[in-house]
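One structure is given here, and the rest of the page talks about it.
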Amino acid sequence: MKIKVGKSRYTVTFPDVVEPSCIVHGRVNYVDKTIQIAQRAGWPLRKISDKQKDATLWHELTHAILKDMGSRKAADEVFVDELSKRMQQVAEQLLHG
């Protein structure tokens, strides 16, 4: 899947785990323009629910959006998490009424 953020086009993949740490649910790479969303994470490894994968995708997209804007907030995990949750809520309302 490809998603355009500003002038960049990110490739989104869904590997079994996100390396180098199988603990994280997702990762964005600004240089390679990739977003990875894990199928399994944690210790021990557990399957990630579809709902959590969606939340992780929104989280990583929020990083990419803020980075594209040149915002220092792109590295602020608490801010990114809270903003991504709200963007996901709005998008779900628009899609599902």
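Neighbours of ALA41 by Cβ distance under 15 Å: Lys/Arg scored +1, Asp/Glu scored -1, total +1. Taking other residues whose beta carbon is less than 14 angstrom from the beta carbon of ALA55, and scoring Lys, Arg as +1 and Asp, Glu as -1, yields -3. Annotation: amide H of GLN39 within the under-5 Å range of ASP16, VAL17, sequence separation 5 or more or interchain, hydrogens built in the peptide plane. The phi-based Karplus calculation (6.51 cos²θ - 1.76 cosθ + 1.60; θ = phi - 60°) puts the 3J(HN,Hα) values of region 11-26 at 8, 9, 10, 10, x, 4, 9, 9, 8, x, 10, 6, 7, 6, 8, x Hz, whole numbers, x for Gly and Pro.
Applied to region 88-93, the Karplus parametrisation 6.51 cos²θ - 1.76 cosθ + 1.60 on θ = phi - 60° returns per-residue 3J(HN,Hα) values of 5, 4, 5, 4, 5, 5 Hz, with x for Gly and Pro. Counting only aspartates and glutamates at least 8 places from LYS33 when in the same chain, those with an alpha carbon closer than 17 Å to its own are GLU19, GLU60, ASP68.
Our note on the geometry: Cα centres of region 1-35 and region 76-92, 17 Å apart. Were the residues from GLU92 through VAL12 laid out at 0.36 nm apart, the gain over their Cα-Cα distance would be 26.8 nm.
So which of LYS4/LYS73; LYS4/LYS51; LYS7/LYS47 end up more than 24 Å apart, counting from Cα to Cα? Could you put the intermediate results ahead of the total?
Numbers: LYS4/LYS73 20 Å; LYS4/LYS51 22 Å; LYS7/LYS47 33 Å.
Long pairs (Cα-Cα over 24 Å): LYS7/LYS47.
A short reminder: the numbers here are calculations on the coordinates, not readings from a lab. Predicted, not measured: the structure shown is a model, and the values here were computed from it. Methodologically, a virtual Cβ is constructed for each residue, glycine included, from the backbone with ideal geometry; neighbour enumeration extends over all protein chains shown.
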